[in-house]
Amino acid sequence: TMSSKRPPANETKKQMRQRHVKEVKEFKATWKKLPRAAKRSRNQKEEEAEQKERHKTEWNGLLERLGELVIEDKQEEEDTMTIKVSAEDTMTIKVSAEEKAAREKKAQEQAAQRQSERDARLERERKMEQQGPSKRSIERKSILEIIKKDNFKMKNIRPDGNCLYAAISDQLQRYNVEKNVKELRETAADYIVAHKDDFLQFMDDSNDFDGYIEKLRTTNEW
């Protein structure tokens, strides 16, 4: 079962949130490494619920120590935020109205920036098309001509960093093999680790091998 250490003395709200996020990530990483026999003797959902309840108790205890009002359950929805822990997992934390507004504003600004970049890219492509066929359109036309001969078709895959694994997952379904992006990333990471010497020559910084593997498992990084 999970250990429940006493929270550090004089811990700030920011430090506690960071520690909680780290503990959630560490638990999930530890669970993945457990042998199957150990997993059968434990209940992941129960241990996650136990950790979540402990975090909630620690947070409310910190608010009381700081002399702040503990948020009632009926207000919880208005004063909580779901934050990203990894590519697949999230956790809900309590925040002040000001901090929540600041986070939401930052998210809106980032979304607006991404939209602005997309609009600029589309505008560049539109101008290039006016000047004649672009390299991209020529390439696309050539590919369509080739695959048409074999009765294949082109499918659009969302370019979110998972496109390689999403494309493989899509094709595996043709053979009744169900593998999602997360599972394929784990398979790729395990293979690279098992053949580390074969892949180090293709990396810019061999000292960051473990960091790359972690990103491959938990983020959308190519």
Search the stretch 27-48 for residues being under 21 Å from the mean Cα position of the chain (by Cα) and exposed (fewer than 12 other Cβ atoms within 10 Å of the Cβ), and hand back the single one that is farthest from Glu99 (Cα to Cα).
Lys33
Would you mention how many residues in the stretch 7-26 are open to solvent by less than 30 Å² (accessible area, probe 1.4 Å) and among the acidic types (Asp, Glu)?
1
Any helices (runs of 4 or more DSSP H) falling wholly within the stretch 97-213 and containing at least 3 residues that are among the aliphatic types (A, V, I, L, M), open to solvent by less than 60 Å² (accessible area, probe 1.4 Å) and more than 30 Å from Lys13 (Cβ to Cβ):
163-172, 181-194
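To keep it simple, each residue is scored yes or no on (1) in contact with a strand residue (DSSP E or B) (Cβ under 9 Å, 6 or more places away or on another chain); (2) closer than 23 Å to Asn220 by Cβ; (3) of a type in the set (Ser, Thr, Tyr); (4) without any contact (Cβ under 8 Å) to a residue 24 or more places away in the chain.
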position: Arg124; (1), (2), (3), (4): no, no, no, yes
position: Arg140; (1), (2), (3), (4): no, no, no, yes
position: Leu144; (1), (2), (3), (4): no, no, no, yes
position: Arg158; (1), (2), (3), (4): no, yes, no, yes
position: Val181; (1), (2), (3), (4): no, yes, no, yes
position: Arg185; (1), (2), (3), (4): no, yes, no, no
position: Ala189; (1), (2), (3), (4): no, yes, no, no
position: Asp197; (1), (2), (3), (4): no, no, no, yes
position: Gln201; (1), (2), (3), (4): no, no, no, yes
Keeping to the stretch 167-221, report how many residues are within 26 Å of Phe152 (Cα to Cα) and aliphatic (A, V, I, L, M).
6
Among (1) in a helix (DSSP H, G or I); (2) farther than 28 Å from Lys215 by Cβ; (3) basic (Lys, Arg) - the single one Lys22 does not satisfy
(2)
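The values are calculated or read from the model by the stated rules, or taken from the named source; none is laboratory data. All figures in this text were calculated on a predicted structure; none of them were measured in a lab. Using ideal geometry, Cβ is built from the backbone for each residue, glycine included, and neighbour counts are taken over all protein chains shown. All accessible areas refer to the heavy atoms of the entire protein, side chains included, with ligands and DNA or RNA removed. Shrake-Rupley method; radii C 1.70, N 1.55, O 1.52, S 1.80 Å.
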